[in-house]
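Below: one structure, written as structure tokens.
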Amino acid sequence: MSVRDLTSWNLMVQAYAENDCPDQALSLLYELQAQGMKPDAVTIMSILPVCTQMASIYLMRQCHGYVIRACFQDARLNAALLDVYAKCGSIWSAHKLFHSTPVKDLVMFTSMVGGYAMHGMGEEALHLFSYMLELGVKPDHVIITAILSACSHTGLVDEGLKIFYSLETAHGMKPSIEQYSCIVDLLARGGRIKDAYSLVAGLPVEANANVWGTLLAACRTHHEVELGRIVANHLFQIEANNIGNYVVMSNLYAADARWDGVMEMRKLMRTRDLRKPAGCSWIEVEKRNNAFIAGDCSHPKRETIYSTLRTLYQQIKEPLLFDKINLFTHYLELH
């Protein structure tokens, strides 16, 4: 393009951020500023996903500081800042931002409830949800899903079920498939696996992969091998090429020493030419981001890292855990 205005720069920053290219998005942001242009509220909204992808609280605070200095007054931007603070691990910063915002709309309440849910603060989420209703703010499906998730992650089974079963009478809503998934997770985390399966089997709409996947993960947690097999078969039909389902089922078999089942899963994975992509993780230490990719030996401190890993591996092989070595070896092979 011969002429690049701020809109075109914003679109490119957004495109990089949405396609998991945080380095390119940041480089473009710096280049934009070097060209003498000033980021606007849309620019900041576009770069916020990068803070989440890099788990960078330092970058997040830089963005927030710029918003304050530029005197941006945008409710959507405030809600996005709050959401990213929570995702970067600073729930206190999210809490502080929420309470310092004079006008709190549904989007702000949703972001704060979602933040509490992420951090396992179910009681706080319920109190905030009740306060919102007292103010006369009408909930939508997004915040209902967030509050059900908060109940699920903190074992508040009765409270979650009460909200779910009162959706139509109290709020005039019919449950969405996402909310059914939350209730399946809620029941499963409470150890009520059979109830969760009965709910899925009796759904008024067809269960999607997310619902069945939630139930399969619960079967893995509670060692429900036979039910896990039934659930996995549904998943293999819905998303045959999702390797994660095969790995979960293989781990479930391995935990029960069902090595024939493990071999069956490996055979299916080979037949369908499925390979687990290399895992990647980020961590910020002293304002610097460090990326780690499974099997990558290019990190400058690789000797220290692998030495530490070898020490940990030796500790894992202590006599107390020796009887689980087959399961651990199986896990390493799959991951």
| query | Of (1) in contact (Cβ under 8 Å) with a residue 12 or more places away in the chain; (2) over 29 Å from E124 (Cα atoms), S27 satisfies all except one. Which? | reply | (1)
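Let's see how each residue does on (1) of a type in the set (K, R); (2) surrounded by 15 or more Cβ atoms within 10 Å (Cβ to Cβ):
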| residue | (1), (2) |
| --- | --- |
| G65 | no, no |
| D83 | no, yes |
| A86 | no, yes |
| K96 | yes, no |
| S100 | no, no |
| V103 | no, no |
| V107 | no, yes |
| query | For I144, which of the numbered conditions (1) at pLDDT 95 or above; (2) in a loop (DSSP other than H, G, I, E, B) fails to hold? | reply | (2)
| note | With criteria (1) surrounded by fewer than 22 Cβ atoms within 10 Å (Cβ to Cβ); (2) in contact with a helix residue (DSSP H, G or I) (Cβ under 7 Å, 6 or more places away or on another chain); (3) of a type in the set (A, V, I, L, M), L133 comes up short on (2)
| From the set of residues in the stretch 198-214 that are in contact with a Leu (Cβ under 8 Å, 6 or more places away or on another chain) and under 16 Å from S152 (Cβ atoms), which is surrounded by the most Cβ atoms within 10 Å (Cβ to Cβ)? | V211
| task | Among the helices (runs of 4 or more DSSP H) lying completely within the stretch 63-130, list those that include at least 1 residues that are of a type in the set (K, R). | result | 75-87, 91-100
| Yes or no: D140 within 24 Å of G160 (Cα to Cα) and of a type outside the set (S, T, Y)? | yes
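The values are calculated or read from the model by the stated rules, or taken from the named source; none is laboratory data. What you are looking at is a predicted structure, and each value in this text was computed from that prediction instead of being measured. No Cβ is skipped: glycine too gets one built from the backbone with ideal geometry, and neighbour counts run over all protein chains shown.
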